[in-house]
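Let me begin by presenting the structure, written as structure tokens, before commenting on it.
The values are calculated or read from the model by the stated rules, or taken from the named source; none is laboratory data. What you see is a predicted model, and the numbers here were worked out from it, not measured in a lab. Positions of Cβ are generated from backbone atoms using ideal geometry, with glycine treated the same way; all protein chains shown enter the neighbour counts.
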């Protein structure tokens with residue numbers, strides 16, 4: 001058996017190529033790049049909370065409640081939301 005990446009001969013029961021370290025015998029899963037974007041569909045004001053919920057894979061209601069607590073208790077939530085609104089890019093669907 002040979003490594004698909006470097007062509008080096010490897011043993012039949014090996015899990016990795018000894019020369020380049022590439023996994024052998026398993027299909028490589030494509031890596032999905034996570035990006036923090038403001039989605040177009042599920043937004044109330046600017047989509048900042050929905051973007052954070054999608055990025056961290058949690059419920060958007062939980063993110064909105066935490067953000068509301070930062071607005072009420074600390075007072076910094078409004079400024080942080082405004083900054084995120086301008087810094088985080090909007091999602092574009094092709």
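Quick check: anything in the stretch 24-35 surrounded by 11 or more Cβ atoms within 10 Å (Cβ to Cβ), at pLDDT 90 or above and part of a loop (DSSP other than H, G, I, E, B)?
Going residue by residue through the stretch 24-35, those that are surrounded by 11 or more Cβ atoms within 10 Å (Cβ to Cβ) are 24-25, 35.
Remaining after also requiring at pLDDT 90 or above: none.
No; the residues of the stretch 24-35 include none that is surrounded by 11 or more Cβ atoms within 10 Å (Cβ to Cβ), at pLDDT 90 or above and part of a loop (DSSP other than H, G, I, E, B).
Suppose we filter the stretch 54-64 for residues that are surrounded by 11 or more Cβ atoms within 10 Å (Cβ to Cβ) and more than 10 Å from the chain's Cα centre (by Cα); how many remain?
Of all residues in the stretch 54-64, those surrounded by 11 or more Cβ atoms within 10 Å (Cβ to Cβ) come to 54-56, 58, 60, 62-64.
Filter once more, so that each one left must be more than 10 Å from the chain's Cα centre (by Cα): 58, 60, 62-64.
So the answer is 5.
Surrounded by 10 or more Cβ atoms within 10 Å (Cβ to Cβ), free of Cβ contacts under 8 Å to residues at least 40 places away in the same chain and over 21 Å from the mean Cα position of the chain (by Cα), is that true of residue 69? Reasoning before the result, please.
Working: surrounded by 10 or more Cβ atoms within 10 Å (Cβ to Cβ): yes; free of Cβ contacts under 8 Å to residues at least 40 places away in the same chain: yes; over 21 Å from the mean Cα position of the chain (by Cα): yes.
When the stated conditions are applied, residue 69 passes them.
Among the candidates 50, 80, 46, which residue alone is touching a helix residue (DSSP H, G or I) at 6+ places or on another chain (Cβ under 8 Å) and in a loop (DSSP other than H, G, I, E, B)? Talk me through it step by step, then tell me what you get.
Values: 50 fails: in a loop (DSSP other than H, G, I, E, B); 80 fails: in a loop (DSSP other than H, G, I, E, B).
After applying the criteria, what remains is 46.
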